[in-house]
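Before any comments, here is the structure.
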Amino acid sequence: MKLHQLILTNRINLSHQLAPLVALQPDLVLVFGDVAFFETPELTSQLQHLLPSAALAGCSTAGEIVQDRVYDGTCVITALRFDGTGVNTCSTIIDGMSDSLGAGQRLAATLPQDNLTAVLLFGTGVAINGSALVDGLQPGLQPGVTISGGLAADSGRFLQTWTLGPDGAADNRIVAVGLYGSAIRLGYGNFAGWEPFGPARKVTRCVDNVLFELDGVRALDIYKSYLGDYATGLPASGLLFPFEMLGPNREKSNLFRTILGIDEIEGSLILAGDIDPQGYLKLMHSSTEALIRGAETAAQEALKANPEADLNDHASAPHLAILVSCVGRKLVMGDRTDEEVEAVAGILGKSTTICGYYSNGEITGSG
């Protein structure tokens, strides 16, 4: 594998800025950037013009990750040329949140299956049910095919997000990238770093990923009572306090749900994935130190897939790490956000190129 990475700080003279990618003749170009880079067609059209044979994929962000730094207002482009790994992309329009399952099913039906090893999935970050999207995609894939990726973001505004795929940039499309063959080695890791607090409350009314009641009380009212002054900043402030999902017997599921929106009239919360209607929910909070430890654990888990690689040997084959973190983590860490990425970079080694973004939801391993 060969790769080249660029950081764009503006949209001036894009053809000149993107010119270094042409010599590589990449198979895949990953693009993670501020909303402004997707709202107008210049970047997409220049990439399509200069790299006509490359598969394009990516999304808007709440912060761009490159190597051991986090940027805001930029666009990070990582171009890859593979030796023996095939690439195919497809996309589908998502017609509102209720179409999340169907969108995943359509992607599975469109993506060629022969020798498919893994799928990178980039979804819109508003009006979507992330778990339903994966539930629609996964059954249509062969056993052993992994799914990873995340939902787009718009710096915590929850208004309009963008994805980039074979049909260009759009605010209503889900994009899937298929990676093919046995030459590619993939590893995954995830760990939260959030801690539960307060009582576990019974889910007494929900529909898919919309939570209406906890313990018979409007969910939004309960949530606001815990947030105190933070309640005035909803839904963005909800990123600081996700939910831990517990089973019917209050057993841990290791699943967490971020808030994507609220409905003041219904008193409901719109979460990033489905809710167990028989289960319990518990609020969570965290600290910078706990989130950094969680990121380190995730990096160590990812390395287990390739333990013999010398990731500090510059002469060894290059490695790529795609980091998808939560915008809520970024809000908690504030000025110390770089420390999370620095910790991961230290574990992954000097021969690993890092790209990624802060998202409205994460997808890892098998979904």
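In table form, for the structure just shown:
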read-out: Selection from region 240-292 of residues that are in contact with an Asp or Glu (Cβ under 7 Å, 6 or more places away or on another chain), among the hydrophobic types (A, V, I, L, M, F, W, C) and not in a strand (DSSP E or B); value: Ala290, Leu291, Ile292
read-out: Region 19-40, residues that are over 20 Å from Leu120 (Cβ atoms) and touching a strand residue (DSSP E or B) at 6+ places or on another chain (Cβ under 7 Å); value: Pro20, Gln25, Asp34, Val35
read-out: Selection from region 256-281 of residues that are open to solvent by 40 Å² or more (accessible area, probe 1.4 Å) and without any contact (Cβ under 8 Å) to a residue 60 or more places away in the chain; value: Ile262, Asp263, Glu264, Ile265, Glu266
read-out: Residue within region 211-234 that is small (Gly, Ala, Ser), touching a helix residue (DSSP H, G or I) at 6+ places or on another chain (Cβ under 9 Å) and closer than 29 Å to Leu120 by Cα present; value: no
read-out: Scope region 218-253; condition free of Cβ contacts under 8 Å to residues at least 12 places away in the same chain and open to solvent by 50 Å² or more (accessible area, probe 1.4 Å); matching residues; value: Lys224, Ser225, Asp229, Tyr230, Thr232, Asn249, Glu251, Lys252
read-out: Residue match in region 80-94 (condition: open to solvent by less than 10 Å² (accessible area, probe 1.4 Å), of a type in the set (Ser, Thr, Tyr) and touching a Leu at 6+ places or on another chain (Cβ under 9 Å)); value: no
read-out: Spans of helices (runs of 4 or more DSSP H) in region 1-116 with at least 2 residues within 24 Å of Ser325 (Cβ to Cβ); value: 36-39, 100-110
read-out: Residues that are in contact with a Ser or Thr (Cβ under 9 Å, 6 or more places away or on another chain), of a type outside the set (Lys, Arg) and open to solvent by 10 Å² or more (accessible area, probe 1.4 Å), drawn from region 106-126; value: Thr110, Asn115, Thr117, Leu120, Val126
read-out: Looking only at region 303-323, and only at residues there that are under 26 Å from the mean Cα position of the chain (by Cα) and farther than 20 Å from Leu80 by Cα, the one that is modelled with the highest pLDDT; value: Leu303
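The values are calculated or read from the model by the stated rules, or taken from the named source; none is laboratory data. The model shown is predicted, which means the values in this text are computed figures rather than measured ones. Neighbour counts are summed over all protein chains in view; Cβ atoms, including those assigned to glycine, are modelled from backbone coordinates with ideal geometry. We work out accessible area using only protein heavy atoms, side chains counted, and drop any ligands, DNA or RNA first. Shrake-Rupley method; radii C 1.70, N 1.55, O 1.52, S 1.80 Å.
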